[in-house]
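Chemist: The structure follows.
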Amino acid sequence: MKIVRAAEMGMCFGVRDALQITKEIADPSQVTIHGELVHNPVVIQQLSEAGFGQSSEDNRESIAPTPLVLITAHGISNRERVRLQANGKQFIDTTCPLVRRAHEAAMELAAEGRHVLLIGKPGHVEVLGIVEDLESWDVIASPQDVRAYDNERLGIVCQTTMPSQFLKEIKTCIELHNPSADIRFVDTVCHPTKRRQQAMLELIHAVDAVVVVGGRNSNNTRQLVGLCQQHNVPALHVTCADEIDPDWFGDAKTIGLTAGTSTLDDTITAIHKRLEEIAVSKGSKDP
């Protein structure tokens, strides 16, 4: 069994920068992370062990008991910033600059009097951080969500981790359903996501199956799994080496390996090592 790594994979600069900031904090007990710093269970466990408080993404209305609040790489809305400041909180801001760019693009479209259409996952923290500052908006998760909109001026942005091809499909649907509308589109998919998706498309044409490493609630990781499914290539989504079942690979001769943008290098290394062990085991069983 041969193992082929994607040309682009794993942690992006936004996640690395956010993690580096946490390492430089002298007293983690004075800091509450506002949600999940990144969607990676290993990182979340490490931060907890280091002494950081962490608020649930499902209950961000609660007020942190610590004086400092760390804003995650996914960002928050300006309205949320005002709410936290009104409760006396100071910020450690690790918002990814590419997420901030998507937020600014949406605000610019809204300032032009456009109804903003955000292509992304409803309820995702990055999406919430953008739409909470808008007065007129819809979140579009699939082509089936598209309709004719009352506003004749439309603006389109997207969650930074959406697949480019998926984005094109929805944009086309919006244009078909609103033929007379003035539509302005701003591509806010981040470059690390695009590079990893392109590397995945190249990988799946050269392998029998793919192991995708990343958090279960990591949108960019799920999108990599989705690309495999769209091309009928089996994909095994794991968060750590212990989740790998050797029987899953069957008679596959070539296995691809890729990882989402919040996956630690150590995790990728451990999984690659486990795949190599399986490859040796399978080789010893060949007649």
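Bear in mind that the values in this text are calculations on the coordinates, not laboratory data. This structure is a prediction, so every number in the text was calculated from the model and none was measured. Note that we place each Cβ from the backbone using ideal geometry, even for glycine, and neighbour counts take in every protein chain shown.
Chemist: Counting each DSSP H run of 4 or more residues in the chain as -39500 (n - 2.57), what helix-only mean residue ellipticity at 222 nm follows after dividing by all residues, to the nearest 500 deg cm²/dmol?
Modeler: -12500 deg cm²/dmol
Chemist: In addition: Sorting check: for 40-48, 186-194, which peptide has the highest mean count of neighbouring beta carbons within 10 Å, and how do the rest follow?
Modeler: So the order, starting with the most tightly packed, is 186-194, 40-48.
Chemist: Take the Cα atoms of segment 195-287, find their three principal axes, and give me the spread along each one in whole Å, biggest first.
Modeler: That works out to 41, 27, 18 Å along the principal axes.
Chemist: For the chain, what value does the Rg/Rh ratio take when both radii are computed over Cα atoms and Rh is the Kirkwood radius, given to two decimals?
Modeler: 1.02
Chemist: Specify whether the C-alpha gyration tensor of segment 114-182 places it in the rounded, prolate or oblate class, a ≥ b ≥ c being the square roots of the eigenvalues: rounded for a/c under 1.5, otherwise prolate if a/b is larger than b/c and oblate if not.
Modeler: The shape class here is oblate.
Chemist: From the P(r) of segment 32-141, could you give the percentage of C-alpha pairs in the tail past 23 Å?
Modeler: That fraction is 30 percent.
Chemist: Shifting gears a bit: Putting +1 on Lys and Arg Cβ atoms and -1 on Asp and Glu Cβ atoms, find which of Thr160, Val211, Pro179 reaches farthest to the positive end of the dipole of the chain.
Modeler: Value: Val211.
Chemist: Right, here's the next one. For Ile156, which sequence-distant residues (separation of 5 or more, or a different chain) have an amide H within less than 5 Å of its own amide H, given hydrogens modelled in the peptide plane?
Modeler: Leu117, Arg184, Phe185, Val186
Chemist: What distance in nm lies between label points placed 7 Å from Cα along the C-beta direction at Ser29 and Gln165?
Modeler: Distance between the two pseudo-spin positions: 5.2 nm.
Chemist: Then there is this: Which number comes out as Rg/Rh for segment 58-112 once both Rg and the Kirkwood Rh are worked out on C-alpha atoms?
Modeler: Numbers: Rg = 12.5 Å, Rh = 12.3 Å.
Checking Rg against Rh, the ratio lands at 1.02.
Chemist: Would you mind calculating the gained length between Ala270 and Val4 on full extension (0.36 nm times residue separation, minus the Cα-Cα distance), in nm to one decimal?
Modeler: The span from Ala270 to Val4 would gain 94.3 nm if fully extended.
Chemist: Further question on the same structure: May I have the extent of the alpha carbons of segment 94-233 along their three principal axes, as whole Å values ordered from largest to smallest?
Modeler: Principal-axis extents of segment 94-233 (Cα, largest first): 48, 37, 21 Å.
Chemist: Which value in Å is the Kirkwood Rh of segment 100-140 over different Cα pairs?
Modeler: The Cα-based Kirkwood calculation yields 10.0 Å.
Chemist: Another question about this same structure. Taking the Cα centre as origin and putting +1 on Lys and Arg beta-carbons and -1 on Asp and Glu beta-carbons, what dipole magnitude results for segment 1-147, to the nearest 20 debye?
Modeler: Working: 14 positive and 20 negative charges, 66 e Å.
Magnitude of the dipole: close to 320 debye.
Chemist: Exceeding 20 Å between C-alpha atoms, which entries from my cross-link table qualify? They are Lys121/Lys171; Lys2/Lys273; Lys171/Lys194; Lys23/Lys273; Lys2/Lys282; Lys253/Lys273.
Modeler: Listed pairs above 20 Å: Lys23/Lys273.
Chemist: Roughly how big is the chain's charge dipole about its Cα centre, with Cβ charges of +1 (Lys, Arg) and -1 (Asp, Glu), in debye to the nearest 20? Show your work: numbers first, answer last.
Modeler: Details: 28 positive and 38 negative charges, 84 e Å.
Using Cβ point charges on Lys, Arg, Asp and Glu, the chain gives about 400 debye.
Chemist: On a straight-distance basis, which aspartates and glutamates could pair with Lys89 in a cross-link, Cα separation under 12 angstrom, same-chain partners fewer than 8 positions away excluded?
Modeler: Leaving aside aspartates and glutamates fewer than 8 places away in the same chain, those within reach of Lys89 are Glu80.
Chemist: Can you tell me the length gained on complete extension of the stretch Gln230 to Gln144, counting 0.36 nm per residue apart and subtracting the Cα distance?
Modeler: Difference between extended and current length: 29.2 nm.
Chemist: Taking H as built 1.01 Å from N, whose amide H comes closer than 5 Å to the amide H of Lys2, not counting residues under 5 places away?
Modeler: Thr254, Ile255
Chemist: How big is the gap, in Å, between the Cα center of segment 37-70 and the Cα center of segment 167-209?
Modeler: Cα centroid to Cα centroid, the span is 32 Å.
Chemist: So how do 256-264, 61-69 stack up, highest first, on mean other-Cβ count within 10 Å? Intermediate results must be reported in sequence, preceding the final value.
Modeler: On the way: 256-264: 26.9, 61-69: 14.4.
Order by mean packing, descending: 256-264, 61-69.
Chemist: Further, regarding this structure: Once both axes come from the Cα atoms, what is the angle between helix 191-204 and the longest principal axis of the chain, in degrees from 0 to 90, rounded to 10?
Modeler: 30 degrees
Chemist: Where the only charges are on Cβ atoms (+1 Lys, Arg; -1 Asp, Glu), what is the dipole of segment 197-277 about its Cα centre, to the nearest 20 debye? Write out the running numbers ahead of the final one.
Modeler: Details: 5 positive and 11 negative charges, 63 e Å.
Rounded to the nearest 20 debye, it is 300 debye.
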